[in-house]
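**Q** Pasting a structure below so you can have a look.
The values are calculated or read from the model by the stated rules, or taken from the named source; none is laboratory data. Since we're looking at a predicted model, the values are computed, not measured. Please note: Cβ atoms are built from the backbone with ideal geometry, for glycine as well, and neighbour counts cover all protein chains shown. Just so you know, the surface numbers come from the protein's heavy atoms only, side chains and all, with ligands and any DNA or RNA stripped out. Shrake-Rupley method; radii C 1.70, N 1.55, O 1.52, S 1.80 Å.
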Amino acid sequence: MSDEASTSDKPWPVRVVSQKIGQWIGRLGWIWVDGQVAQITRRPGTNTVFLTLRDPSADLSLTVTANRDVLDLGAPGLGDGARVVVHARPEFYAARGSLSLRADEIRQVGLGELLARLEQLKKLLAAEGLFARERKRRLPFLPRRVGLITGRASAAERDVLTNARRRWPTVDFRVINVAVQGPSAAPQIIDALAVLDRDETIDVIVLARGGGSTEDLLPFSDEALCRAVFACRTPVVSAVGHETDVPLVDFVADVRASTPTDAAKRIVPDLADEWRLIGQAKQRIDRALRGLLDREQHRLDALRSRPSIARPLTMVDTRAADVEALRARAGRSLGHRLDRAGTELEHTVARLRTLSPSATLQRGYAIVQRADGVVVRAPSDVAGRELLRIRLAEGELAATSEG
């Protein structure tokens, strides 16, 4: 069909396209199809049963028609939400342009097989890094607003709201009620996640559901839901089932709470505990401040008790006494030196006086000098009659030599 379409520019009638689609689908033959039963319709008076089969990982469903005996033989007691495998042949109704499956065998997937598939999906998601611890985000200490996805009027909703408000009375919630089991649960939860993740006022999202069987909790192991939680920008808390229930969304969520009540404890702090912690912190601060003030007061007292601070003039008085003592020593030393110098000067003067010509003259001696001032020491120093000067102790005499 694609080859013919590519080689012809002439438009095809709708019926021709529909016929060719039917021919192509008819060539598929019999196939095995895995899905979740969304609805079973048994029409009274006919042996035909209609099943709506939904893909667990996508918002897609197909109608399956089967004989009542086929259903009763392969899956007796089949109900909505059950996981089945059908052996069917695809049929395309050209007149309506619709696709359906005609089944000749229906098998309900047992719990063991279901758990094996979940384990296989778990390994796949883990290998892709959806469970990585390093990508998990911490919850805010006190969220502005909490988004809650849970069943309508459920015990899980009541537990989360009651316990969270008991811990922090002013906590604000935006609650979106969805189906929490059955074929429509996963698509509704994914839509609610998208709505809350787009809300800028939401700081944390909680997925909450009470306990149930493995089949009841299947929507929370849905691959599409796990990937939606992984893609959320807002931290997600998973509070699904009891402590022993571990759906796959628990591994993907940023925080796993064992119960809805545990989720309430994780998303908001306890006001009483915070007041107690604030009181303890205040006491520690008070003790630290008192200790600091006491230490500083002791330091000040120690400084003030030092002589230089307590009696500052003492040091000045001591230094003044030292200066006075030094001055006295200097005066005494200078006096002694002056006395010694005076005594030495007197001795020197006495010696000078003893050796002075005047002292000799005082003893009766005279000094004879010629007119030119030369002292006469011998008669030969005078030539004939020569005017001489005679110095006495008191005054001078003039004389003339007789030769």
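**Q** Amide H neighbours of V204 under 5 Å, counting only residues 5+ apart in sequence or on other chains, H built in-plane at 1.01 Å?
**A** R145, G147
**Q** Still on this structure, please answer the following. Could you tell me the calculated FRET efficiency between T201 and V33, based on Cβ-Cβ distance and R0 = 51 angstrom, to the nearest 0.05?
**A** Calculated value: 0.75.
**Q** Lysines near K123 by alpha-carbon distance under 23 Å, same-chain residues fewer than 8 away left out - which ones?
**A** In chain and number order, the partners are K136.
**Q** Run the 1.4 Å probe and let me know the accessible area of D317, rounded to the nearest 10 Å².
**A** Surface open to solvent at D317 totals about 100 Å².
**Q** Accessible area per residue for the chain in Å², computed with a 1.4 Å probe and the full protein assembly in place, what is it?
**A** Value returned for the chain: 63 Å² of accessible area per residue.
**Q** Sorted by mean Cβ packing within 10 Å, highest first, what order do the peptides 287-294, 172-179 take?
**A** Ranked by mean Cβ neighbours within 10 Å, highest first: 172-179, 287-294.
**Q** Please sort 234-241, 28-35 by packing, taking for each peptide the average over its residues of neighbouring beta carbons within 10 angstrom, highest first.
**A** 234-241, 28-35
**Q** Counting Lys and Arg as +1 and Asp and Glu as -1, what is the net charge of the other residues whose Cβ lies under 12 Å from the Cβ of Q283?
**A** Every neighbour counted, the sum reads +4.
**Q** In nanometres, what is the gap between the two model label sites at R137 and Q23, each 7 Å from Cα along Cα-to-Cβ?
**A** Using points 7 Å along Cα→Cβ, the separation is 5.4 nm.
**Q** Percent antiparallel among DSSP beta bridges with both residues in the chain, to the nearest 5?
**A** Close to 65 percent.
**Q** What is the dipole size for the chain, taken about its Cα centre, with +1 at each Lys and Arg Cβ and -1 at each Asp and Glu Cβ, in debye to the nearest 20?
**A** Dipole magnitude for the chain comes out near 1580 debye.
**Q** Could I ask something else about it? Using alpha carbons only, how many angstrom separate the centre of segment 85-163 from the centre of segment 172-217?
**A** 11 Å
**Q** Round to the nearest 0.05 the FRET efficiency obtained for A126 and V316 when R0 = 51 Å and r is the Cβ-Cβ distance.
**A** It comes to 0.05.
**Q** In addition: May I ask for the Kirkwood hydrodynamic radius of segment 83-226, worked out over all distinct Cα pairs and given in angstroms to one decimal?
**A** About 18.2 Å, per the Kirkwood formula over Cα pairs.
**Q** Once you keep just the Cα pairs under 8 angstrom separated by 6 or more residues, what percentage relative contact order results for the chain?
**A** Value for the chain: 10 percent.
**Q** Give a quick list of chymotrypsin sites (Phe, Trp or Tyr not before Pro) in segment 38-143 that DSSP marks as loop, anything other than H, G, I, E or B, with at most 15 other Cβ atoms within 10 Å.
**A** Of the chymotrypsin sites (Phe, Trp or Tyr not before Pro), the ones in loops of segment 38-143 whose Cβ has at most 15 other Cβ atoms within 10 Å are F141.
**Q** Taking 0.36 nm per intervening residue step and subtracting the Cα-Cα distance, what contour gain separates L300 from W12 on full extension?
**A** 93.4 nm
**Q** Okay, moving on. Between [x] 1.23; [y] 0.99; [z] 1.93, which entry matches Rg/Rh (Cα atoms, Kirkwood Rh) as derived from the coordinates of this structure?
**A** Among [x] 1.23; [y] 0.99; [z] 1.93, the one calculated here is [z].
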